[in-house]
Amino acid sequence: MSKHGFPASARLLHWVMAALILSMLFLGVSMVTSLSGWHDPAILLHKSFGILVLLLAAVRLLNRLRFTAPPLPADLSPLQALAAKASHWLLYAGMFAVPLSGWAMQSAAGTPVRPFGLFTLPPLTAPDLACYGWLREAHFLMTWGLFALLLVHIGAALHHGWVRRDGVLQSMLRGD
């Protein structure tokens, strides 16, 4: 890894998870707004992707702890540097909290979670309608919070790549 770029493992996990998370967000929105014939398969795919995101988030966090991230541009204000670092850790928190809340919500509904139909995960909580309602609302709010944070993240990346041209975007695209 160069001192200005992320290792290939970090870049691969970043882009695979970006595709999965965006797919899940669009699946989730379409699931709650549609009763079409693909509604049930969409729910199963959404749950499976959620568990995959949870697993990959753990792998990604362990991988991230193995290396030092490239330095931020020296001309960033302290507030911008703090916002960049905080937003990255909030993204990690969201990659854990959103899938865990979905899994717990399904557990509270008494619905098993079967990733890709391969096995059944143990429930995180006993079936409880009131808990299900609370977890559903929490899952919804955290999901929209994560989506908003992703939009800020994408906007900041594009700002660094197209306006500032300071190498920040390139560090995740090519690693140099």
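The values are calculated or read from the model by the stated rules, or taken from the named source; none is laboratory data. Note that the coordinates shown come from a computational prediction; the quantities given were computed from them, not determined experimentally. Counting neighbours? That spans all protein chains shown, and the Cβs are built from the backbone with ideal geometry, glycine included. What goes into the accessible areas is simple: the full protein's heavy atoms, side chains included, and nothing from ligands, DNA or RNA. Shrake-Rupley method; radii C 1.70, N 1.55, O 1.52, S 1.80 Å.
Brief remarks on what is shown
- Residue within region 68-79 that is open to solvent by 80 Å² or more (accessible area, probe 1.4 Å), closer than 27 Å to Leu13 by Cα and free of Cβ contacts under 8 Å to residues at least 24 places away in the same chain present: yes
Per-residue answers, yes or no, for (1) surrounded by 17 or more Cβ atoms within 10 Å (Cβ to Cβ); (2) touching a strand residue (DSSP E or B) at 6+ places or on another chain (Cβ under 7 Å); (3) at pLDDT 95 or above; (4) closer than 14 Å to Gly50 by Cβ:
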position: Gly94; (1), (2), (3), (4): yes, no, yes, yes
position: Ser101; (1), (2), (3), (4): yes, no, yes, yes
position: Ala104; (1), (2), (3), (4): yes, no, yes, yes
position: Gly110; (1), (2), (3), (4): no, no, yes, no
position: Pro115; (1), (2), (3), (4): yes, no, yes, yes
position: Leu118; (1), (2), (3), (4): no, no, yes, no
position: Thr125; (1), (2), (3), (4): no, no, yes, no
position: His139; (1), (2), (3), (4): yes, no, yes, yes
position: Ser171; (1), (2), (3), (4): yes, no, no, no
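- Of all the numbered requirements in (1) touching a Ser or Thr at 6+ places or on another chain (Cβ under 8 Å); (2) within 21 Å of Leu146 (Cβ to Cβ), Phe26 misses one, and that requirement is (1).
- Residue within region 96-118 that is assigned to a helix (DSSP H, G or I), polar (S, T, N, Q) and under 30 Å from Val152 (Cα atoms) present: yes
- Extreme residue, least open to solvent (accessible area, probe 1.4 Å), among residues of region 57-67 that are under 16 Å from the mean Cα position of the chain (by Cα) and within 19 Å of Val168 (Cβ to Cβ): Arg60
- Answer residue from region 84-104, given it is out of contact with any Ser or Thr (no Cβ under 9 Å at 6 or more places or on another chain) and of a type in the set (A, V, I, L, M) and is farthest from Cys131 (Cα to Cα) among those: Ala84
- Unmet requirement for Arg165, which otherwise passes all of (1) surrounded by fewer than 15 Cβ atoms within 10 Å (Cβ to Cβ); (2) modelled with pLDDT of 95 or more: (2)
- Every pair of residues 6+ apart whose Cβ atoms lie under 9 Å, when the first sits in region 31-50 and is in contact (Cβ under 8 Å) with a residue 40 or more places away in the chain while the second is open to solvent by 100 Å² or more (accessible area, probe 1.4 Å): Leu44/Arg114; Leu44/Phe116; Lys47/Arg114; Ser48/Arg114; Ser48/Phe116; Ser48/Leu118
- Complete set of residues in region 31-58 that are at pLDDT below 80, over 21 Å from Ala97 (Cα atoms) and assigned to a helix (DSSP H, G or I): Thr33, His39
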